[in-house]
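Report on the following structure.
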Amino acid sequence: MQVLNTKNELISLLENLRKEGKKIGFVPTMGALHEGHLSLVKESKHNSDITVVSIFVNPTQFNDQEDLKRYPRTLDKDIELLKTVDCDIAFAPSVEEIYPEPDTRKFDFGYIETVMEGAKRPGHFNGGQVVSRLFDIVQPDKAFFGMKDFQQIAIIKNMVKQLKYNIEIIPCPIIREENGLAKSSRNTLLDEEYKKNAPHIYATLKKARNLASQMNVSELKKWIADEINNNPYLETEYVEIVDDTTLKVVENWSEEGTKVACVAVYAGKIRLIDNIVF
Ligand code: AMP
């Protein structure tokens, strides 16, 4: 596996590979890698000739500076993990390498950035900037994203359309701990008691899926929030049930389309997100 830190090195390496007819798969990450990330790498390996993983904690998508400071950084371990799944290229640039000057572009994602993460983390989806910068450098044929960041996939698909990228966006399933907790780099920041209680989030979502036939949509959302908040270690920030492609908030079960229940929950200071397809 090659580990590169500058975009010029990466661009010229990929240019040569592309000339040989190689198809490039890309997995953007913020590092502190776990099985969830590795599942995307494996998927890319199956579907591409060359897999590039970027490791870059993007400062522009953090609206909370404490959260940015606290975000785990484990580059050496990440490189070792990537070798175990035969990743071809790891790209770990500095902030200056990606933003030699501030990126002042503002994307307009319309309605889809006004709900859930967009509503609660203002400016978060301007982090779309970084994905477009990385797409420009890597110019992948396919890019792989986890469904844990469900809204992010809708944003990226929208950006690909707006900027007319010829990149196939491939959503990949959520990888969980045995206890159901969605794997996340942030889980390493959870103190023991919070870690013990965090699986209650997914347990609640699973129960909610079974209760959907017995309650209307707003009753079920309230039930989910109450059930999670009844646990003294957890506090919901939002509970939303949305259409999986438009992200339109569902009002009636009779509406067409696949529905997804999405939550953001604070476990102490650590913010966790999860979702379940109904
Ligand atoms: P992050 O490093 O958190 O920005 O995540 C990088 C990519 O890994 C994103 O596409 C995430 O959706 C994906 N990812 C993170 N956690 C998981 C997980 N538990 N299962 C599947 N994909 C994940």
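Throughout, read-outs are computed from the coordinates displayed, never taken from laboratory work. Predicted model only: the values in this text are computed from it and were never measured. With ideal geometry, Cβ positions are generated from the backbone for all residues, glycine too; neighbour counts draw on all protein chains shown.
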Förster radius 22 Å - calculated FRET efficiency between Asn166 and Thr114, Cβ distance, rounded to 0.05: 0.20
Most to least packed among 17-26, 163-172, 247-256 [average Cβ atoms within 10 Å]: 17-26, 163-172, 247-256
Against the rule of thumb 2.2 N^0.38 Å, how large the Cα Rg of the stretch 1-125 comes out: 1.16
Span from the the stretch 1-49 Cα centroid across to the the stretch 75-118 one, whole angstrom: 13
Dimensionless Rg ratio for the chain, taking C-alpha atoms and the 2.2 N^0.38 Å reference: 1.02
Equivalent ellipsoid semi-axes - Cα gyration tensor, the stretch 155-252, angstrom: 28, 21, 12
Taking the stretch 1-87 and dividing mean pair separation by its residue count, relative contact order in percent (alpha carbons under 8 Å, at least six apart): 35
Dipole axis of the chain (+1 Lys, Arg; -1 Asp, Glu on Cβ), positive-most option in Asn8, Asn63, Thr114: Asn8
Packing-based order for 3-15, 257-269, using average beta carbon neighbours within 10 Å, highest first: 257-269, 3-15
Segment Lys207-Glu251, length gained on full extension (0.36 nm per residue, minus Cα span): 13.9 nm
Contact order normalised by residue count of the chain, Cα under 8 Å, 6+ apart, percent: 17
Cβ-based exposure ranking for Ser39, Ser54, in which fewest neighbours within 10 Å come first: Ser39, Ser54
Of Lys221, Lys206, Lys196, the one that fluctuates the most in a GNM where the chain has Cα springs shorter than 10 Å: Lys196
R0 of 51 Å, Cβ-Cβ distance Lys196-Glu20: FRET efficiency to nearest 0.05: 0.50
Between 0 and 90°, nearest 10: helix 35-47 axis offset from the chain longest Cα axis: 50
Dipole magnitude of the stretch 33-136 about its Cα centre (Cβ charges: Lys, Arg +1; Asp, Glu -1), debye to nearest 20: 240
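Within a Cβ distance under 15 Å of Ala92, other residues only, what is the Lys/Arg minus Asp/Glu net charge?
-2
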Pairwise label distance in nanometres, Glu101 with Thr74, each label 7 Å out on the Cα-Cβ vector: 3.9
Volume in Å³ per residue [convex hull over Cα atoms, computed for the stretch 218-272]: 68
C-alpha long axis of helix 200-211 to longest principal axis of the chain, angle in °: 60
Estimated dipole of the chain in Debye, rounded to 20 [Cβ of Lys and Arg +1, of Asp and Glu -1, Cα centre]: 240
Angle between the chain longest axis and helix 128-138 axis [Cα atoms, degrees, rounded to 10]: 30
Helix-only CD estimate at 222 nm, as mean residue ellipticity for the chain, using -39500 (n - 2.57) per DSSP H run (n ≥ 4): -11000 deg cm²/dmol
Packing-based ranking, highest mean first, of 174-187, 142-155 given that Cβ atoms within 10 Å are counted: 142-155, 174-187
Inter-label distance for Lys83 and Asn216, nm, one decimal - labels placed 7 Å from Cα along Cα-to-Cβ: 6.0
Value in Å of the Kirkwood radius, where the stretch 91-174 supplies the Cα pairs that are averaged: 13.6
Ratio of the Cα radius of gyration of the stretch 65-206 to 2.2 N^0.38 Å, where N counts its residues: 1.17
For the stretch 183-199 versus the stretch 214-245, the gap between their alpha-carbon centres in whole angstrom: 20
